[in-house]
Amino acid sequence: MVNRTRIKVCGITDYGDLAHAVSAGVDGLGFIFAEKSSRRIEPEKARELIKAVPPFVDAVGVFVNEDPDIVTDIIKYCGLTMVQLHGQENVDYCRLMPVRILKSFAVKKDTDGAEMAAYADVAAGYLLDTYHSSMAGGTGSSFDWNLVEGLHVPGPVLLAGGLGPDNVEEAISVARPFAVDVNSGVEKSPGRKDHQKITALVEAVRRVDLQLSAPL
(Lines give C-alpha, C1' and ligand atoms only; values in the text may rest on other atoms or scores of the structure.)
Protein backbone atom coordinates (compact mmCIF):
# COMPACT_ATOMS: atom_id res chain seq x y z
CA MET A 1 0.00 0.00 0.00
CA VAL A 2 1.30 3.45 -0.90
CA ASN A 3 1.67 5.82 2.02
CA ARG A 4 0.16 9.18 1.05
CA THR A 5 1.66 12.31 2.57
CA ARG A 6 -1.04 14.94 2.95
CA ILE A 7 -0.45 18.46 1.62
CA LYS A 8 -1.62 21.82 2.95
CA VAL A 9 -1.04 25.06 1.04
CA CYS A 10 -1.14 28.01 3.41
CA GLY A 11 -1.61 31.73 2.82
CA ILE A 12 -4.50 31.49 0.35
CA THR A 13 -5.94 34.92 -0.54
CA ASP A 14 -7.11 34.47 -4.13
CA TYR A 15 -9.76 32.32 -5.83
CA GLY A 16 -7.50 31.33 -8.73
CA ASP A 17 -4.86 30.06 -6.33
CA LEU A 18 -7.48 28.17 -4.35
CA ALA A 19 -8.93 26.53 -7.43
CA HIS A 20 -5.53 25.49 -8.75
CA ALA A 21 -4.44 24.04 -5.41
CA VAL A 22 -7.64 22.00 -5.20
CA SER A 23 -7.30 20.74 -8.77
CA ALA A 24 -3.67 19.81 -8.11
CA GLY A 25 -4.83 17.55 -5.29
CA VAL A 26 -4.02 19.28 -2.00
CA ASP A 27 -5.77 18.20 1.18
CA GLY A 28 -5.95 21.49 3.05
CA LEU A 29 -5.95 25.24 2.43
CA GLY A 30 -4.70 27.71 5.01
CA PHE A 31 -6.25 31.14 5.60
CA ILE A 32 -4.12 33.40 7.79
CA PHE A 33 -5.91 35.76 10.18
CA ALA A 34 -2.84 36.82 12.19
CA GLU A 35 -2.55 40.61 12.30
CA LYS A 36 1.17 40.83 11.53
CA SER A 37 1.18 38.45 8.57
CA SER A 38 1.77 39.78 5.05
CA ARG A 39 -0.66 37.07 3.92
CA ARG A 40 -3.46 38.10 6.26
CA ILE A 41 -6.97 37.77 4.88
CA GLU A 42 -10.10 39.54 6.10
CA PRO A 43 -12.88 37.27 7.37
CA GLU A 44 -15.32 38.59 4.74
CA LYS A 45 -13.02 37.58 1.89
CA ALA A 46 -12.12 34.26 3.51
CA ARG A 47 -15.82 33.46 3.88
CA GLU A 48 -16.40 33.95 0.15
CA LEU A 49 -13.38 31.86 -0.81
CA ILE A 50 -14.24 29.05 1.57
CA LYS A 51 -17.65 28.69 -0.07
CA ALA A 52 -15.69 27.35 -3.08
CA VAL A 53 -13.76 24.74 -1.09
CA PRO A 54 -15.12 21.29 -2.03
CA PRO A 55 -15.90 18.43 0.38
CA PHE A 56 -12.93 16.55 1.89
CA VAL A 57 -10.60 19.54 1.57
CA ASP A 58 -10.03 21.29 4.89
CA ALA A 59 -10.29 25.06 5.30
CA VAL A 60 -7.78 25.83 8.04
CA GLY A 61 -7.71 29.15 9.89
CA VAL A 62 -4.30 30.26 11.18
CA PHE A 63 -4.23 32.37 14.35
CA VAL A 64 -1.55 33.70 16.71
CA ASN A 65 -2.53 34.42 20.33
CA GLU A 66 -5.95 35.73 19.29
CA ASP A 67 -8.84 36.16 21.72
CA PRO A 68 -10.58 32.75 21.70
CA ASP A 69 -14.00 34.34 21.34
CA ILE A 70 -12.84 36.14 18.19
CA VAL A 71 -11.39 32.89 16.83
CA THR A 72 -14.68 31.09 17.50
CA ASP A 73 -16.64 33.83 15.76
CA ILE A 74 -14.38 33.65 12.69
CA ILE A 75 -14.60 29.84 12.62
CA LYS A 76 -18.39 29.99 12.49
CA TYR A 77 -18.62 32.98 10.16
CA CYS A 78 -16.13 31.67 7.60
CA GLY A 79 -16.95 27.97 7.81
CA LEU A 80 -13.47 26.86 8.87
CA THR A 81 -13.08 23.13 9.44
CA MET A 82 -9.84 23.33 11.47
CA VAL A 83 -7.69 25.92 13.24
CA GLN A 84 -3.92 26.14 13.38
CA LEU A 85 -2.64 27.86 16.50
CA HIS A 86 0.78 29.43 16.11
CA GLY A 87 1.21 31.25 19.40
CA GLN A 88 1.45 30.35 23.08
CA GLU A 89 -2.10 29.03 23.27
CA ASN A 90 -2.36 26.65 26.22
CA VAL A 91 -4.40 23.48 26.60
CA ASP A 92 -7.35 25.27 28.22
CA TYR A 93 -7.44 27.69 25.27
CA CYS A 94 -7.45 24.77 22.84
CA ARG A 95 -10.39 23.16 24.60
CA LEU A 96 -12.50 26.23 23.78
CA MET A 97 -12.20 25.67 20.04
CA PRO A 98 -15.29 24.23 18.31
CA VAL A 99 -13.25 22.49 15.58
CA ARG A 100 -10.13 20.31 15.49
CA ILE A 101 -6.79 21.87 16.42
CA LEU A 102 -3.38 21.85 14.79
CA LYS A 103 -0.87 23.15 17.35
CA SER A 104 2.33 24.68 16.08
CA PHE A 105 5.72 24.27 17.75
CA ALA A 106 8.94 26.02 16.77
CA VAL A 107 11.90 23.69 16.38
CA LYS A 108 15.57 24.47 16.93
CA LYS A 109 18.63 22.41 17.79
CA ASP A 110 17.89 22.10 21.52
CA THR A 111 14.11 21.50 21.25
CA ASP A 112 13.22 18.37 23.23
CA GLY A 113 9.51 18.15 22.45
CA ALA A 114 8.44 17.72 26.10
CA GLU A 115 5.84 20.52 25.96
CA MET A 116 3.94 18.72 23.19
CA ALA A 117 2.81 15.93 25.53
CA ALA A 118 0.38 18.25 27.33
CA TYR A 119 -1.61 18.68 24.10
CA ALA A 120 -2.12 14.97 23.46
CA ASP A 121 -5.84 15.14 24.27
CA VAL A 122 -6.61 18.36 22.39
CA ALA A 123 -4.46 18.47 19.25
CA ALA A 124 -5.37 16.59 16.08
CA GLY A 125 -1.88 17.25 14.74
CA TYR A 126 1.42 18.91 15.57
CA LEU A 127 2.86 21.42 13.13
CA LEU A 128 6.65 21.62 13.41
CA ASP A 129 8.00 24.90 12.07
CA THR A 130 11.37 26.62 12.09
CA TYR A 131 12.20 28.62 15.20
CA HIS A 132 12.57 32.37 14.75
CA SER A 133 13.07 34.85 17.57
CA SER A 134 10.46 37.31 16.30
CA MET A 135 8.22 35.38 13.87
CA ALA A 136 5.52 32.84 14.71
CA GLY A 137 5.80 31.19 11.31
CA GLY A 138 6.26 31.85 7.61
CA THR A 139 10.03 32.23 7.96
CA GLY A 140 10.79 30.58 4.63
CA SER A 141 13.61 28.68 6.34
CA SER A 142 13.96 24.98 7.07
CA PHE A 143 15.17 23.33 10.26
CA ASP A 144 17.16 20.11 10.60
CA TRP A 145 14.60 17.45 9.70
CA ASN A 146 16.65 14.80 11.51
CA LEU A 147 15.47 16.40 14.76
CA VAL A 148 11.90 15.21 14.25
CA GLU A 149 12.54 11.61 15.25
CA GLY A 150 13.93 12.63 18.63
CA LEU A 151 10.99 14.86 19.54
CA HIS A 152 8.60 11.96 20.27
CA VAL A 153 5.62 13.88 18.93
CA PRO A 154 2.41 12.42 20.44
CA GLY A 155 0.36 12.62 17.23
CA PRO A 156 0.49 13.22 13.48
CA VAL A 157 3.38 15.45 12.38
CA LEU A 158 2.81 18.30 9.93
CA LEU A 159 6.18 19.45 8.64
CA ALA A 160 6.59 23.14 7.79
CA GLY A 161 9.37 25.66 7.27
CA GLY A 162 10.85 26.56 3.90
CA LEU A 163 9.40 23.62 1.98
CA GLY A 164 9.03 23.74 -1.80
CA PRO A 165 9.27 21.55 -4.90
CA ASP A 166 13.06 21.36 -4.70
CA ASN A 167 13.40 20.03 -1.16
CA VAL A 168 10.10 18.39 -0.20
CA GLU A 169 11.20 14.93 -1.31
CA GLU A 170 14.26 15.02 0.93
CA ALA A 171 12.21 16.44 3.80
CA ILE A 172 9.66 13.62 3.59
CA SER A 173 12.38 10.98 3.24
CA VAL A 174 14.10 12.20 6.41
CA ALA A 175 11.18 13.21 8.66
CA ARG A 176 8.40 10.90 7.38
CA PRO A 177 5.63 13.35 8.36
CA PHE A 178 1.91 12.75 8.07
CA ALA A 179 1.63 16.00 6.10
CA VAL A 180 3.62 18.90 4.72
CA ASP A 181 2.59 22.54 5.03
CA VAL A 182 3.87 24.88 2.32
CA ASN A 183 3.59 28.62 1.89
CA SER A 184 6.42 30.84 0.63
CA GLY A 185 7.97 27.91 -1.26
CA VAL A 186 5.09 27.95 -3.75
CA GLU A 187 4.64 31.73 -4.06
CA LYS A 188 5.30 34.50 -6.54
CA SER A 189 4.89 37.09 -3.79
CA PRO A 190 3.30 37.04 -0.32
CA GLY A 191 -0.27 35.77 -0.71
CA ARG A 192 0.00 35.06 -4.45
CA LYS A 193 0.82 31.50 -5.43
CA ASP A 194 2.89 30.14 -8.28
CA HIS A 195 0.68 27.53 -9.91
CA GLN A 196 3.56 25.71 -11.56
CA LYS A 197 5.30 25.36 -8.21
CA ILE A 198 2.15 23.99 -6.57
CA THR A 199 1.83 21.37 -9.32
CA ALA A 200 5.52 20.52 -9.09
CA LEU A 201 5.32 20.18 -5.32
CA VAL A 202 2.33 17.84 -5.45
CA GLU A 203 4.10 15.73 -8.09
CA ALA A 204 7.25 15.61 -5.94
CA VAL A 205 5.28 14.47 -2.89
CA ARG A 206 3.54 11.72 -4.85
CA ARG A 207 6.86 10.62 -6.32
CA VAL A 208 8.61 10.25 -2.98
CA ASP A 209 5.56 8.51 -1.50
CA LEU A 210 5.86 5.85 -4.20
CA GLN A 211 9.59 5.50 -3.61
CA LEU A 212 9.19 5.10 0.13
CA SER A 213 6.37 2.58 -0.29
CA ALA A 214 8.29 0.38 -2.74
CA PRO A 215 9.39 -3.00 -1.38
CA LEU A 216 13.07 -3.29 -0.55
Can you tell me which residue in the range 53-90 is surrounded by the most Cβ atoms within 10 Å (Cβ to Cβ), limited to those that are out of contact with any Leu (no Cβ under 8 Å at 6 or more places or on another chain) and aromatic (Phe, Trp, Tyr)?
Tyr77
Selection within the range 75-110 - hydrophobic (A, V, I, L, M, F, W, C) and not in a helix (DSSP H, G or I):
Leu80, Met82, Val83, Leu85, Leu96, Met97, Val99, Ile101, Leu102, Phe105, Ala106, Val107
Which listed residue, of Glu48, Glu66, Glu44, is more than 30 Å from Glu203 (Cα to Cα), at pLDDT 95 or above and not in a loop (DSSP other than H, G, I, E, B)
Glu44
Restricted to the range 179-200, and to residues that are farther than 23 Å from Gly125 by Cα and among the hydroxyl-bearing types (Ser, Thr, Tyr), which residue is modelled with the highest pLDDT?
Thr199
Would the range 7-30 turn up any residue that is closer than 17 Å to Asp181 by Cα, of a type in the set (Lys, Arg), touching a residue at least 24 places away in the same chain (Cβ under 8 Å) and in a loop (DSSP other than H, G, I, E, B)?
no
Look at Lys76 and say whether it is farther than 30 Å from Leu212 by Cβ, modelled with pLDDT of 95 or more and not acidic (Asp, Glu).
yes
Pairs returned, first residue in the range 167-178 that is in contact (Cβ under 8 Å) with a residue 12 or more places away in the chain and under 11 Å from Asn3 (Cβ atoms), second residue that is of a type in the set (Gly, Ala, Ser) and not in a loop (DSSP other than H, G, I, E, B), beta-carbon separation under 7 angstrom, 6 or more apart or interchain, are Phe178/Gly125
Quick check on Val60: is it assigned to a strand (DSSP E or B) and closer than 27 Å to Asp209 by Cα?
yes
Any idea how many residues of the range 91-118 are within 16 Å of Val153 (Cα to Cα), crowded, with 17+ Cβ neighbours inside 10 Å and in contact with a Pro (Cβ under 7 Å, 6 or more places away or on another chain)?
1
Counting just the residues of the range 178-203 that are aliphatic (A, V, I, L, M) and in a strand (DSSP E or B), which one comes out nearest to Asp17 (Cα to Cα)?
Val182
Can you name the residue in the range 160-177 that is farther than 11 Å from Ala204 by Cα and assigned to a loop (DSSP other than H, G, I, E, B) and, of all such residues, is nearest to the chain's Cα centre (by Cα)?
Ala160
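The values are calculated or read from the model by the stated rules, or taken from the named source; none is laboratory data. Since the structure is predicted, the reported quantities are computational estimates derived from the model, not experimental observations. Cβ: placed from backbone, ideal geometry, glycine included. Neighbour counts: every protein chain shown.
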